[in-house]
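Step one of this worksheet: look at the structure below.
No lab work stands behind these numbers, since they all come straight from the coordinates. Keep in mind that what you see is a predicted model, and the values were worked out from it rather than measured. Cβ coordinates were reconstructed from backbone atoms using ideal geometry, including for glycine residues, and neighbour counts include every protein chain displayed.
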Amino acid sequence: MASQLMCAPNSDEENSIAIASTAVPALQSASLSNPLYYLENFQTVIRWVLAHHADLLLHDERALLVQLLNQSEAGQAIVTRLVMRKGELFRRDTLAYDEIPSIDDALHELAQSDWVDLEPNLDAPELYRLCRRAELHTLLSDAGYGFAKNIRKSELLDPLLELGEERGPRILRDWWSDSAIHIVGLRNGALLERVRLMFFGNLYQDWSEFVLAELGHQRYESVEFSSQSRAFKSRRELDDYIAIHQCQVRLFEEEPVADILRDCPNQLDNPWLEHRRQRMMFQLAQQTERMGDLELAIHIYSNNSLDEAQVRLYRLQEKTRNDIEVMLVQLENTLLNIRRPEPRLHLSRIAHRLRRKIKLATAAPVKSIIPTHHFQLVKGEDRVELATLNEFAKEAGVVGAYCENTLFTGLFALLMWPVLYAPLPGAFFHPFQAGPADLFRSDFAVLRQREIDARLSLLETGEYRSAMLACWDAKQGIACTLIHWPSLPRSLLEHALTYIPAEHLELVFRHLLSDLRNHRRGMPDLIVFNLNQHTYQLVEVKGPGDRLQDHQRLWIETMLAAGLPVSVAEIRWEDAP
């Protein structure tokens, strides 16, 4: 069998920001040999925010953070441990950390500085979450309720809520005077949320992602920071982000959409925050649609400029409107402003159905004829893509790689490295990012168009090969959102640059740039090189019962239209002899 370049695909997470060491002098990587390494990482965040975002904090907030850094090592470690846990209320008997001596002394120190509350008020749901079944049974029995000993914990919730309505929130001793339980409450949680938001530029990354990261085991590209590099330029923008996030949390907790809508921010001036607000509103509309309130869903979609919202709007109106002629005119006008291929495809299908309803002459969307291989293979332990690659590699001089969604994004990143790591406003918030924060926003390319054109021009001059190989040599192993380094060994890079023509690379790169968020998925599974014929081909593998998805078909049709050698391999299994 011919040699093969095997590359496992990467499970790419949207806009992921990994954590690692950096060359920034002010920040030091914590050593894992230190049992308090997580505290050093937490301190890094606090100090970075105080250094770069002090003007977005109130005077009292800055004073609290400085005070926290002046607490004892044990006290700071306790806060770090608590902030990584869920919620802000904890049983003292669950706080056991071998690396923290005298936990009780540290807690009393933190209580004196208002970082913890040793007697927090508890409402009935909080008490239910913190107490075990037997403890709740005793508490309610002491309050005059009678229950069987084997009653389930869930059956104790309603009586506890009833008692809570009578008593209201209070400290544990006022709920249950004989309790041996002690509750610790973390204070200043809202301030720490702001710190996390200013550091990461988002709230979907939690503390543990950074604090427990193995700093020093990963390298990161050094990017120059300035006051313009921050995610937020004003405290108001922070407040707007938090308001959007709170609406999303309430939606996740299944609050009525009508209640959430009353607290949604109005249109925002900041473009990326407005985009985030629009995405949140889209989620609200989806939930409204699922609940069957189509009228409200249509109203929310109609005020949303996202392509996805326009698709959902016309799908609902297709079911509910009778003025098809008027709707068709509106839809065709909308299509004029839609550039992304996938939403254009969905809207075109709706337009085709509407024309058929009013008996207008219309041609059904034409599907390209895709070259197809048919293989009948013996099912073994290998996944279907690798089994197919092995079948291609039976031919002399053929090598290949299974590189679904990793090869071309990796090649793109190597060519565009100076563009990806340019210190543009709003791109890099701290030294631990794997890529610019706006990588998957619609204006990523617009803001960098001149620099992108300059890099693409290397494809015309032929300088791209040496530039990309030099980039691989210099940057290999540095975390990059678009590169999964194990999937891009130098041997595969050399084959790709040797056998894929520059004009084919340019076509793929421009298609990626038109919608990086969505076009980084759906690319063919395999690349196969014929060393004897000096050719390559891309192959999408479909096992039994599998079929092409829209985003995969769009990639294949785009490639076919530009003359790229792409095909589908349809696989059937046969029993082993």
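Any idea what the dipole of segment 226-357 comes to, in debye rounded to 20, about its Cα centre with Lys/Arg Cβ at +1 and Asp/Glu Cβ at -1?
On the way: 22 positive and 20 negative charges, 129 e Å.
The calculation lands at about 620 debye.
Compute the signed sum of charges (Lys and Arg +1, Asp and Glu -1) over the other residues within less than 12 Å, Cβ to Cβ, of Leu268.
-2
Can you run phi through the Karplus equation (6.51, -1.76, 1.60; θ = phi - 60°) for segment 166-173 and list ³J(HN,Hα) in whole Hz, with x for Gly and Pro?
For segment 166-173, the Karplus-derived couplings read 6, 9, x, x, 6, 6, 4, 4 Hz, x marking Gly and Pro.
Kindly state, to the nearest 0.05, the FRET efficiency for Asp60 paired with Tyr145, given R0 = 51 Å and r defined as their beta-carbon distance. Intermediate values should be presented prior to the final figure.
Numbers: r = 44 Å, r/R0 = 0.86.
That pair, Asp60 with Tyr145, gives E of 0.70.
Under 5 Å between amide hydrogens, which residues at least 5 positions from Val566 or on another chain qualify, with H placed 1.01 Å from N in the peptide plane?
For Val566, the qualifying residues are Leu538.
What length, rounded to one decimal in nm, is gained on full extension from Arg152 through to Ser514, with 0.36 nm per residue of separation minus their alpha-carbon distance?
Details: separation 362, 0.36 × 362 = 130.32 nm, distance 5.62 nm.
Here the answer is 124.7 nm.
Quick one: of the DSSP bridges fully inside the chain, what percent are antiparallel, nearest 5? Walk me through the numbers on the way to the answer.
Numbers: 17 of 31 bridges.
Counting only bridges with both partners in the chain, antiparallel ones make up about 55 percent.
Among Val211, Val566, which comes first, second and so on when ranked by fewest other beta-carbon atoms within 10 Å? Mind showing how you got there, number by number?
Details: Val211 23, Val566 20.
Result, fewest neighbours first: Val566, Val211.
How high is the relative contact order of segment 37-200, in percent, counting Cα pairs under 8 Å that sit 6 or more residues apart? Mind showing how you got there, number by number?
On the way: 144 pairs, mean separation 55.3, N = 164.
Computed value for segment 37-200: 34 percent relative contact order.
Can you list which of the trypsin sites (Lys or Arg not before Pro) found in segment 53-148 are DSSP loop residues with at most 15 other C-beta atoms within 10 Å? Numbers along the way, then the final one.
Details: sites: Arg62, Arg81, Arg85, Lys86, Arg91, Arg92, Arg129, Arg132, Arg133; in loops: Arg85, Lys86, Arg132.
Taking segment 53-148 and a limit of 15 other Cβ atoms within 10 Å, the loop trypsin sites (Lys or Arg not before Pro) found are Arg85, Lys86, Arg132.
Using a Förster distance of 45 angstrom, determine the FRET efficiency expected from the C-beta separation of Ser234 and Arg572, and round it to 0.05. Kindly include the intermediate steps, with their values, before the conclusion.
Working: r = 61 Å, r/R0 = 1.35.
Approximately 0.15, to the nearest 0.05.
Among DSSP beta bridges lying fully in segment 372-574, give the percent that are antiparallel, nearest 5.
Values: 11 of 23 bridges.
The answer is about 50 percent antiparallel.
From the phi angles alone, apply the Karplus equation (6.51, -1.76, 1.60; θ = phi - 60°) to segment 392-405 and give each ³J(HN,Hα) in whole Hz, x where the residue is Gly or Pro.
4, 6, 5, 6, 4, x, 9, 10, x, 8, 8, 9, 3, 6
Starting from the Cα gyration tensor of segment 226-357, take the square roots of the eigenvalues, sort them a ≥ b ≥ c, and report rounded, prolate or oblate (rounded when a/c is under 1.5, otherwise prolate if a/b is larger than b/c, else oblate). Spell out each step's value before the answer.
Details: a/c = 3.05, a/b = 1.62, b/c = 1.88.
Oblate, since a/c reaches 1.5 and b/c is not below a/b.
Could you tell me which residue out of Ala74, Met198, Ile181 lies farthest along the dipole of segment 37-200 toward its positive end? Charges go on the beta carbon: Lys and Arg +1, Asp and Glu -1, centred on the Cα centre.
With unit charges placed on the Cβ atoms, the residue in question is Met198.
Could you give each residue of segment 109-121 its phi-based ³J(HN,Hα) in whole Hz, using Karplus coefficients 6.51, -1.76, 1.60 with θ = phi - 60°, and x for Gly or Pro?
For segment 109-121, the Karplus curve yields 4, 5, 5, 5, 9, 6, 9, 9, 10, 8, 9, x, 5 Hz.
Can you tell me the mean projection area, over all orientations, of the convex hull of segment 37-200's alpha carbons? Units nm², please.
Values: hull surface 44.5 nm².
With the hull built on Cα positions only, its mean projection is 11.1 nm².
For Val116, enumerate residues with amide H under 5 Å from its amide H, sequence gap 5+ or separate chain, H modeled in the peptide plane.
Hits under the 5 Å cutoff: Ala111, Arg187.
Counting other C-beta atoms within 10 Å, and keeping those with at most 10, which DSSP coil trypsin sites (Lys or Arg not before Pro) do you find in segment 377-423? Please report the intermediate quantities before stating the final value.
On the way: sites: Lys379, Arg383, Lys394; in loops: Lys379, Arg383, Lys394.
Those satisfying the criteria are Lys394.
Could you pull out every one of the aspartates and glutamates with an alpha carbon less than 13 Å from that of Lys153, ignoring same-chain neighbours closer than 8 positions?
Result set, ordered by chain and number: Glu135.
Which residue, Val311, Ser154, His495, has the largest displacement toward the positive end of the dipole of the chain when charges sit on each Cβ (Lys, Arg +1; Asp, Glu -1)?
Towards the positive end, the residue furthest out is Val311.
Under a 5 Å amide H to amide H cut-off, with H placed in plane at 1.01 Å, what residues pair with Arg219 once short-range neighbours are removed?
The answer is Ala479.
Using alpha-carbon pairs under 8 Å, 6+ residues apart, how would you state the relative contact order of the chain in percent?
Values: 735 pairs, mean separation 118.4, N = 577.
Worked out over the chain, it gives 21 percent.
Quick one: net charge around Gly400, please, counting Lys, Arg +1 and Asp, Glu -1 for every other residue with C-beta under 13 Å from its C-beta.
Numbers: positive: Lys394; negative: Glu385, Glu391, Glu395, Glu404, Asp525.
Within the 13 Å Cβ shell, the charges total -4.
What FRET efficiency do you get for Glu165 and Lys367 if R0 is 45 Å and r is their Cβ-Cβ distance, rounded to the nearest 0.05? Each step should come with its number before you reach the end.
Details: r = 62 Å, r/R0 = 1.39.
The value I calculate is 0.10.
So between Leu458 and Glu119, what do we pick up on full extension, going 0.36 nm a residue minus the alpha carbon distance?
On the way: separation 339, 0.36 × 339 = 122.04 nm, distance 6.60 nm.
Contour length minus Cα-Cα distance gives 115.4 nm.
Students often get this wrong, so try it: which of [x] 35.2; [y] 27.6; [z] 32.7 is mean projected area of the Cα convex hull in nm² as calculated from the structure shown?
Derived directly from the coordinates: [x].
Report the extension gain between Ser302 and Glu332 in nm, rounded to one decimal, defined as 0.36 nm multiplied by the number of residues separating them, less their alpha carbon distance.
This chain segment gains 9.3 nm when fully extended.
Net charge within 12 Å of Ile338 by Cβ-Cβ distance, Lys/Arg positive one each and Asp/Glu negative one each, not counting Ile338 itself? Write down the numbers at each step before the final one.
Details: positive: Arg339, Arg340, Arg344; negative: Asp307, Glu308, Glu332, Glu342, Asp515.
With Lys, Arg at +1 and Asp, Glu at -1, the net is -2.
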